Amino acid sequence: MQAVIDKIMKAESIAVFPHVNEDPDALGSCFAFAKAMRGMGKKATVYVSGKIESRLNFIGGDYVLYREGTEHDHDLCVCLDCGDLGRITERKAMFDEINNSVNIDHHYTNTNFADANYVDGKAAAASEILFELFNKMNIEITDDIAKDLYTAICSDTGCFKYSNVTPKTMRIAADLLEYNFDHAEIVRLLFDNDSLAAAKLKAEITEGIKSFAGDKIRLVSTDERAGEKYGISKEDIPNLVDIPRRIEGTEIAVCIKRIEGGFKLSLRSNGKADVSKVSMQFGGGGHVKAAGAILHFDSAEEAENAVVSACMRELGE
């Protein structure tokens, strides 16, 4: 961690990158970090890869949509919640221009791609690591920073119900609850705030669940434009892999979504299966219980067959 701290302390202007398809942990971590840096008198700008899904607007809009050729004066790039360099997509151009980087992450498949890396695969969220980092650096945690950190941790733990939760996670959450923000409202907005359109799309996807390996593997497939008939943009399609994950008997839940140039794979494990091993077979990564990848197949059928076969091998079927 000290190498990371040294680079941060020396920096004057920092570019902050979350991973592509930004989720609440990535956004909350980046917003908290940028605010902490500004509190130290440094410049900090969060650059995102594309439009953020509207359900996450409550987290804030403290970011700039990256465009090729963006002028900047940054002397350090900090990547948060990002498992490998490919996850920053086109922002790699700025990463290379700055040529001075830090990587803070909790994916144990992280490739340690930066000049200074701090990766803790046992942490439940990137923001759990940031909380410790801020304390070690004697950075003041404001109510607003605490809210960002709590939102991130709450999201990546499924409101503290996933197996990645540890006693440390709960202690950090308890410390954050000492600050002044509405934690119950955060939980509601994260987990209990579907639009009617999203509910209808989920109902349609549920009808198409496929089962394999004696119902141990359950799969849903869709297209990034599937929500258009319900008025849902591709950025606002809800998390669909949780549909098969929540069904009794499911050990591995799979969602395959057709996107431009391929398919997006999302995997969840309810049992002993390590879905990161499955995702890594397709060039992806993640956690034991949650992982993903981008698939390159000619058809959805080919993608499904390849993923199901890999899942069956992981289950020993």
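Annotations
- Karplus 3J(HN,Hα) series, Hz, for segment 194-203 with 6.51 cos²θ - 1.76 cosθ + 1.60 (x for Gly, Pro): 5, 6, 4, 4, 5, 5, 5, 5, 4, 4
- Computed over protein heavy atoms with a 1.4 Å probe, the accessible surface of the chain works out to 45 Å² per residue.
- Averaging 1/r over each pair of different alpha-carbon atoms in the chain and inverting the result gives 20.1 Å, the Kirkwood hydrodynamic radius.
- All-pairs Cα distance distribution in segment 120-161, expressed in whole percent, bin size 5 Å: 5, 24, 30, 24, 12, 4, 0
- Taking every DSSP bridge with both residues inside segment 135-266, close to 55 percent are antiparallel.
- Max mean-square fluctuation residue, GNM over the chain, Cα-Cα springs under 10 Å, options Ser29, Ser269, Ser299: Ser299
- Within the accessible area of the chain (1.4 Å probe), percent carbon and sulfur: 46 percent
- Remark on the chain: Cys30, Cys77, Cys154, Cys159, Cys255, Cys311 stand apart, with no other cysteine beta carbon under 4.7 Å.
- Viscosity 1.306 mPa s, 10 °C: Kirkwood-radius Stokes-Einstein D of segment 117-208 over Cα pairs, µm²/s: 109 µm²/s
- Under the Karplus curve 6.51 cos²θ - 1.76 cosθ + 1.60, θ = phi - 60°, whole-Hz ³J(HN,Hα) for segment 266-277, x wherever Gly or Pro sits: 10, 10, 9, 10, 9, x, 8, 4, 9, 6, 5, 5
- Beta bridges per DSSP, both residues in the chain: antiparallel share near 45 percent.
- Compactness of segment 1-89 as Cα Rg over 2.2 N^0.38 Å, two decimals: 1.05
- Helix content alone sets the calculated 222 nm mean residue ellipticity of the chain: runs of n ≥ 4 DSSP H residues at -39500 (n - 2.57) each, divided across all residues, give -10500 deg cm²/dmol.
- Counting only heavy atoms of the protein chains and using a 1.4 Å probe, Asp192 has close to 110 Å² of accessible surface.
- Once backbone amide H atoms are built at 1.01 Å from N, Asp223 has Arg258 as its partners under 5 Å, excluding neighbours fewer than 5 places away on the same chain.
- Where Rh is the Kirkwood radius over Cα pairs, Rg/Rh for segment 190-315: 0.95
- Placed amide H near Val46: partners under 5 Å, 5+ positions off or other chain: Val16, Val64
The values are calculated or read from the model by the stated rules, or taken from the named source; none is laboratory data. Bear in mind that the values here come from a model prediction, so they are computed numbers and not experimental data. Here Cβ is always computed from backbone atoms with ideal geometry, including for glycine, and neighbour counts include all displayed protein chains. Remember, those area values only see protein heavy atoms, side chains included, never the ligands or the DNA or RNA. Shrake-Rupley method; radii C 1.70, N 1.55, O 1.52, S 1.80 Å.
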